[in-house]
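Quick notes on the structure that follows.
Each reported figure results from applying straightforward, stated rules to the coordinates on display, with no laboratory input. Note that this is a predicted model, so its numbers are computed, not measured. Note that each Cβ is placed from the backbone with ideal geometry, even for glycine, and that neighbours are counted across all protein chains shown.
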Amino acid sequence: MTPDTRLLLYALIAVVALILLIARAKLHPFIALVVVSLAMGLVAGMPPGLAVQSFQTGVGNVLGFIAIVVGLGTMLGKIMAESGAANRIATTLIDLFGERRVHWAIMFVAFIVGIPVFFQVGFVLLVPLVFTIARRTGISLVKIGISLVAGLSVVHGMLPPHPAAMLAVTAYNADVGRTILYGLIVGIPTASLAGPIYASWIAPRIPLRAESPLARQLGGESTQATPGFWVSVITVLIPVILMLLASAANLALSATSRTRVAINFVGQPVVALLLALLFSFWSLGRTRHLTREQLLKFCNDCLAPTATIILVIGAGGGFNQVLVDSGVGRAIANMVIGSNASPLILAWGIAALIRVATGSATVAMTTAAGIVAPIVA
């Protein structure tokens, strides 16, 4: 057995062990990732101290950027929820599409609302709307719910400033604006197929209870005053608009242009999210007459639930770094070059395995990008 083959076998065993620890042993994903990462480094022949240092380096490299993105994005999502902006976007699009195409409306709602927030946050934010729509229109909860999940999943995995997409952009040295453009080109058809189209086929085949206690709990109508539709949409799209402008400036303006430098600054994901959050304090907080104390409370309250997310993402970065430093990335590159295998299929396969193992799309994309990036460099 060659050294490269041995490393690939160790990596496969590590992924299987990760799946078993999380799915069977019910170990927390963060703890499982730490254990498997260190074990992988030791088995691969790394000195114990170097294995720990490699893991710590990976965690630091990821969280140095992602922790800021997660924090700012979560705050923006919280302000949207508390101000009623998310509900305003949803109800306006639903009225525009009409009852017969309401499942298409909810997919686009998820696509827009999901831009600044994590999948879990967007789901909790919008699921009451699913029950309200189902009760009002008589359409199956399955049909509406699958459309919601599809929209959130696609935007979470494909579009910056989501952490998963931003990590991939960094790993491949990609252009953020082009990533957004290509993400939209691929993401909208993907969400349409996996959401409304598939939901229309599967919904009649899944019987549901006539009355759901959860529907009674979450399906109430909101009577609070909400911001206008366009100010809500503009607020949530500010990060995307600024990043697209930065990409356009890189193409249209010279490298020495002060305008290009300024646009590139505000188009940085961290700065773009910060500006959107500060703007939301005025544009959305003003409508509800929210005080500074209330805004501070919302920002504090929303950060606590992100601790687990941040730790798991960081541990995923550590796992990725151990795989790279132990030589697994090089071994995979040698295998792909020797077999003429497609890096696209390889990246998808690795991401799919890690996604199943950890339940985190961000960790999956981090690991896959770290392994495959040297191949396509």
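Structure summary
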quantity	calculated
Highest-MSF residue in the chain out of LEU12, LEU311, LEU277 [GNM, Cα springs under 10 Å]	LEU12
Å³ per residue enclosed by the Cα convex hull of region 84-290	125 Å³
Most positive-pole-ward Cα, VAL328, GLY64, LEU21, against dipole of the chain from beta carbon charges	LEU21
Region 21-86: C-alpha gyration tensor shape, a/c 1.5 cut-off, then a/b vs b/c	oblate
Order of GLU293, GLU99 - criterion: other Cβ atoms within 10 Å of each residue's Cβ, fewest first	GLU293, GLU99
When the convex hull of its Cα atoms is projected in every direction, mean area for region 84-185 (nm²)	6.3 nm²
Area projected by the alpha carbon convex hull of region 278-377, averaged over all directions, nm²	8.9 nm²
Relative exposure of MET80, MET46, MET335, judged by other C-beta atoms within 10 Å (fewest first)	MET335, MET46, MET80
Estimated dipole of region 84-290 in Debye, rounded to 20 [Cβ of Lys and Arg +1, of Asp and Glu -1, Cα centre]	180 debye
Candidates LEU284, LEU141, LEU181, ranked by Gaussian network fluctuation over the chain, Cα under 10 Å, top entry	LEU181
Dipole magnitude of the chain about its Cα centre (Cβ charges: Lys, Arg +1; Asp, Glu -1), debye to nearest 20	520 debye
